[in-house]
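Each remark here refers to the structure printed beneath this line.
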Amino acid sequence: MPLSRRGSGTLLTPTGQHLAMHTRTQDDESLPHATKRRAHFATDLWLHSAKWSIRTMTDHLRRLETLFTLTPQRMRMITQSFRETLENGLEKVDQVVPMIPTFVFGWPSGQEQGDYLAIDLGGTNLRVCLVHLQGKGKFEVTQSKYRLSEEQKQDEGQKLFDFCAESLKTFIDSNSGEDGILHLEPGEKLPLGFTFSYPCKQNSIDHGILIRWTKGFGAPNTEGENVAEMFQKSLDKFELPVTLTALINDTTGTLIASHYVNPHTRIACIFGTGCNAAYMEHVKDIPKIKDLGIDGGMDMVINCEWGAFDSFEHEHLPRSKYDISIDESSNKPGEQAFEKLISGRYLGEILRLVICELIDDGILFLGQNTYKVEVTNALDTALLSLMESDPTEELLMIIGIFSHFFALETTLAERQFLRAIARLIGRRAARLSACGIGAIVGKMGYLENGCAVGCDGSLYNKYPGFAGRIQEGLVDIFGEKARNIYTHHAEDGSGVGSAIIAAMTKARKDAGIHAHL
Ligand code: BGC
């Protein structure tokens, strides 16, 4: 059910009094503490004075705390159903959490060497890199980044791949020549890894049918298509001196790159615009690919695509009305249910919806013009990070954010309240992430001996306390033993990881090991 929005403002009455208007149109039974006030005379300013509004905010805070807090018991239940979902995805094809076999076999040796090109179509940017692997876990990366526009994300799929190929051409051209770092012999081709971080069903390492777009992408004529083939078409169009060696997910690349430098790594996660995880599985434990006749003693990376957990049925996750509203107004209602509670694309919007509701209820920003904060997606998740990290007693950072972005003045009580809500939303995201990690840890039996989890993405890297809250969540799920599991900042998966995978694949195929896959 979408939240109603009307906003607020002030009027000058004929008698010269200032009237602050706050309108809401939706009665909400689920908010027992909500106070409905349709108009307030500014002469009654005592209503807005500290005592009254603090008490009201406290009531709301209590309600929101109940809504956003996950008890250890609830976390254990989610972890259990998560684990069953993962196992189901390994057993049967076409499950909601697809548990995608990636055809990346086993861990890198650390000795992989050579020059590789990598292109990464992420949620926000397109990145092109040249990776020079030096062996012994060492490497050098040269890269360029191109920002993707919202229009490009919705434009024809082939056009998007043409843009990728064109950017690659610009990169190759500007790094070639006498002073450049690229020296190709006539006819020589460089191996290229394509990091395409959307769920793709793979038959082999250089193939991938896009199951569905995520992270707000909606380019038509791409879902259900082999994106490796589409990209190859664009590469041919621009006559690029490259061989598309591997199509990989960012989590797969992150797992391999993190293991290259830290061999304790067993799991990799991305917590950025989207969220997902990959881990190494025994081929014998992936029943759905039994027909391929792969040696059961081998291991293969599984791209879980766990952002889809609890999609459509919504049986396991605690979705608030704000989450439901975001889902329903997204370009993919029902999908990526887990991701929508966790990833950077959505957290800012959750806070914004809470704020809008409290403006309607006459709790926040009384008498001010709130139109700027009423715009969908106006509050970026990066602002939540800043709000949580504000070190000053007066919360000066929050004053700055609200006046700069939304032309709103805030009282100290409002700022403390806003920060407390940001904290609830950020903490819930981290604790749900812990449930996902816990499901893999439990399934693979990593608790006793422990393991490292390589993590990347803006939330993990920039959101204050995110890593600590994951750790705290793991302890709530497993008890003190969870301290054996630790997350760490991952190596660059889509650049370095992609290059290592290209090197591993070439070596595997040259050795004739399942060379057709
Ligand atoms: C995609 C995954 C990706 C994750 C992190 C999700 O939306 O479905 O493939 O790994 O975002 O980028």
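The values are calculated or read from the model by the stated rules, or taken from the named source; none is laboratory data. These numbers come from a predicted model, not from an experiment. Glycine also receives a Cβ, built like all others from the backbone with ideal geometry; neighbour counts cover every protein chain displayed. With ligands, DNA and RNA removed, areas are computed over all heavy atoms of the protein, side chains included. Shrake-Rupley method; radii C 1.70, N 1.55, O 1.52, S 1.80 Å.
Between residue 483 and residue 93, the FRET efficiency from the beta-carbon distance, with R0 = 30 Å, is close to 0.20.
Working from Cα pairs under 8 Å separated by at least six residues, relative contact order for the chain is 22 percent. Stretching residue 238 away from residue 69 to a fully extended chain increases their span by 55.6 nm, per 0.36 nm per residue minus the current alpha-carbon distance. The loop-placed chymotrypsin sites (Phe, Trp or Tyr not before Pro) in segment 185-239, going by DSSP, that have at most 16 neighbouring Cβ atoms within 10 Å of their Cβ come out as 238.
Report summary: the helix-based calculation at 222 nm, which adds -39500 (n - 2.57) for every DSSP H run with n ≥ 4 and divides by the residues of the chain, gives -12500 deg cm²/dmol. Taking a straight Cα-Cα cut-off under 28 Å and skipping sequence neighbours fewer than 8 places away in the same chain, the lysines within cross-link reach of residue 372 are 36, 51, 153, 215, 321, 332, 340, 462. Spacing of the modelled spin labels on residue 125 and residue 475, each 7 Å from Cα toward Cβ, amounts to 3.4 nm.
Residue order by solvent-accessible surface for 198, 486, 346 is 486, 346, 198, largest first, with ligands and nucleic acids left out and a 1.4 Å probe.
Here the accessible area of segment 417-517 is 50 percent carbon and sulfur, with a 1.4 angstrom probe and all protein chains present. Using only alpha carbons, segment 295-336 has a radius of gyration to Kirkwood radius ratio (Rg to Rh) of 1.23. Restricting to Cα pairs below 8 Å that are 6+ residues apart, what does the relative contact order work out to for segment 318-390? Please round to a whole percent. Normalised by residue count, the contact order of segment 318-390 is 31 percent. Give the value in nm², to one decimal: projected area of the alpha carbon convex hull of segment 360-517, averaged over all directions. Result: 13.9 nm². The share of accessible area on segment 298-361 that comes from carbon and sulfur is 45 percent, using a 1.4 angstrom probe. The modelled label-to-label distance between residue 515 and residue 150, using points 7 Å beyond Cα along the C-beta direction, is 5.0 nm. Per-residue surface analysis assigns residue 325 an accessible area of about 10 Å², computed on protein heavy atoms at 1.4 Å probe radius. FRET efficiency for the residue 175 to residue 288 pair, using the beta carbon distance and R₀ = 45 Å, is estimated at 0.60. A Stokes-Einstein calculation at 37 °C with viscosity 0.692 mPa s, built on the Kirkwood radius of the chain over Cα pairs, returns a diffusion coefficient of 134 µm²/s. Solvent-accessible surface of the chain, averaged per residue with a 1.4 angstrom probe and all protein chains in place: 42 square angstrom. Once both labels are positioned 7 Å from their Cα atoms along Cα-to-Cβ, the gap between residue 141 and residue 412 label points is 4.4 nm.
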